[in-house]
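The values are calculated or read from the model by the stated rules, or taken from the named source; none is laboratory data. This one's a predicted model, so the numbers in the text were calculated from it and none came from an experiment. Cβ atoms come from the backbone with ideal geometry, glycine included; neighbour counts cover every protein chain shown. In case anyone asks, the SASA skips ligands and DNA or RNA and just uses the protein heavy atoms, side chains included. Shrake-Rupley method; radii C 1.70, N 1.55, O 1.52, S 1.80 Å.
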Amino acid sequence: MSGKTLYDKIWDSHLVNQREDGTALIYIDRHLIHEVTSPQAFEGLRMSGRAPWRSDANIAVPDHNIPTTTDERRQGLSGIKDPVSKIQVKALEDNCKENNILSLEMNDIRQGIVHVMGPEQGATLPGMTIVCGDSHTSTHGALGALAHGIGTSEVEHVLATQCLMQRKMKNMLVRVDGVLKKGVTAKDVVLAIIGEIGTAGGTGYTIEFGGEVIKNLSIEGRMTVCNMAIEAGARAGLIAVDQKTLDYVKGRPFAPSGDMWVRASEAWRSLVSDSNANFDRTVIIDGSKIEPQVTWGTSPEMVAPVSGSIPDPTLETDPTKKGNLEQALKYMGLKAGTEIKNIQLDYIFIGSCTNSRIEDLREAAQVVKDRKVAANIEVAMVVPGSGLVKKQAEEEGLDQIFTSAGIQWREPGCSMCLAMNSDQLGEGKHCASTSNRNFEGRQGFGGRTHLVSPAMAAAAAIHGHFVDVSKI
């Protein structure tokens, strides 16, 4: 008899009921809420005369719509210029007060991007099922939790019942072996994985990331990898619990303590796939061959090493793929054969739920220290992932390193990752971004996004174009 995968174990322990057609009801331990997908859900509860079944299992934070400039932030709600954004943030505050749900409001130092705040507060714990009305909820899988995004109607369902209708996914193992080269980070690893399997490679699966490279990553690096599991088409990303996981969680505000910690940590050690577990698909990648990565197109799978060049669509035999390549080059204003290093940039964005934690900021600061932003860079900004990350960075003097280099130091939020506030990429402008998506218009109408690691974005800020950060 084959053993269980980590996904199997968490699923089975949360299964409430399963029908013959495969439809299942699973229990949800933690529901994270933000201002964009929750107003309609709360209104649905109100109209049906329902209330949240477990208010204490929910935690809310505004992040998508809030301003990141200090002057606007100090004004509170009145500092939000867009009327729809202001309505959404105000609705979140009001709905949480009405339903006795903890909300870390805009000027609370604990406020931050929902997928930074959750692990930081210990609201994300190993073995949990976690949902949020945001696709990058997969981030929390770095701590051995089964986490994924849900839609607005599902947000309402979870609020009302603390359960969710699901179908079980298949199991995929992505094993990254070897030792990374100098200058290669977790972001490069996950971009290389997506480049290998494609944005549909994980469709129908939950991906468990394993291998020597993954084990050697910090918890923050593991969050970066799991964050982009959704960009590989997967429902969720998972990494087994180890001592690093327990060390990260211990002592955080929502984490258990005392005797409960002893019992919980012992139970969490079992959150690994059995040695004889069966995976429906296994992908093996040699981590020692991964270089710093840069996306050149309009999908995360359109990626190349920094030493490479943009592919030629005429060499593609599949007509659909050929058309996609041609459309991407047209939108990005690039030509086949152009070396990645020759792509000139206009904007630099370091932030997002992928890369806005303290390790990311340290990595970027190390590159820009005692240097200046290139003359062709119109805007360069660093947006920390939470108020606590911002505070720690300032205590370490990272903010001074950035501002001395000519890089803006902002307040925490989603910012230019998805351009729902005033931080937007100009039309036709090229941006080195530490975000997770490079779709058309993702960072602003007509904006051209290149996904990279914090170190690569920082190096691009200094040089005005992409360079191999491992050689700096």
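Taken as Cα centroids, the stretch 210-260 and the stretch 422-465 sit 27 Å apart, rounded to the nearest whole angstrom. Shown here for the stretch 16-87: trypsin sites (Lys or Arg not before Pro) in loop regions (DSSP other than H, G, I, E, B) with at most 16 other Cβ atoms within 10 Å, namely R19, R50, R54, K81. The convex hull around the C-alpha trace of the stretch 165-309, projected and averaged over every direction, spans 10.4 square nanometres. For the chain, the Cβ-based charge dipole about the Cα centre amounts to some 200 debye (Lys, Arg positive; Asp, Glu negative; other atoms uncharged). Close amide H partners of I66, meaning residues 5 or more places away or on another chain with modelled amide H under 5 Å apart, are C414.
In the stretch 354-449, the portion of solvent-accessible area held by carbon and sulfur atoms comes to 46 percent [1.4 Å probe, whole percent, DNA, RNA and ligands not counted]. Per-atom-type breakdown for the stretch 20-112 gives carbon and sulfur 51% of the accessible area (1.4 Å probe, protein chains only). Derived scalar couplings between HN and Hα for the stretch 53-61 equal 6, 9, 4, 6, 8, 10, 9, 10, 7 Hz in order, rounded to whole Hz, by the Karplus curve 6.51 cos²θ - 1.76 cosθ + 1.60 (θ = phi - 60°), x for Gly and Pro. The residues of the stretch 201-262 present an accessible area of 35 Å² per residue when probed at 1.4 Å with all protein chains retained.
Residues in the stretch 365-472 average 35 Å² of solvent-accessible surface per residue, probe 1.4 Å, ligands and nucleic acids excluded.
For the stretch 393-472, the share of alpha carbon pairs falling in successive 5 Å distance bins from zero is 3, 15, 21, 24, 22, 12, 4, 1 percent.
Express the Stokes-Einstein translational diffusion coefficient of the stretch 64-128 in µm² s⁻¹, to the nearest whole number, given a Kirkwood radius over alpha-carbon pairs, 4 °C and a viscosity of 1.567 mPa s. Diffusion coefficient, whole number: 100 µm²/s.
Evaluating 6.51 cos²θ - 1.76 cosθ + 1.60 at θ = phi - 60° for every residue in the stretch 236-250, the Karplus couplings come out as 7, x, 9, 9, 4, 6, 9, 4, 4, 4, 5, 5, 5, 6, 4 Hz, glycine and proline recorded as x.
Taken per residue, the accessible surface of the stretch 280-345 reaches 51 Å², heavy atoms only and a 1.4 Å probe.
The share of accessible area on the stretch 231-313 that comes from carbon and sulfur is 48 percent, using a 1.4 angstrom probe. Counting only other residues whose beta carbon sits under 12 Å from that of L25, what net charge do I get with K and R as +1, D and E as -1? Taking every Cβ under 12 Å from that of L25, the sum is +3.
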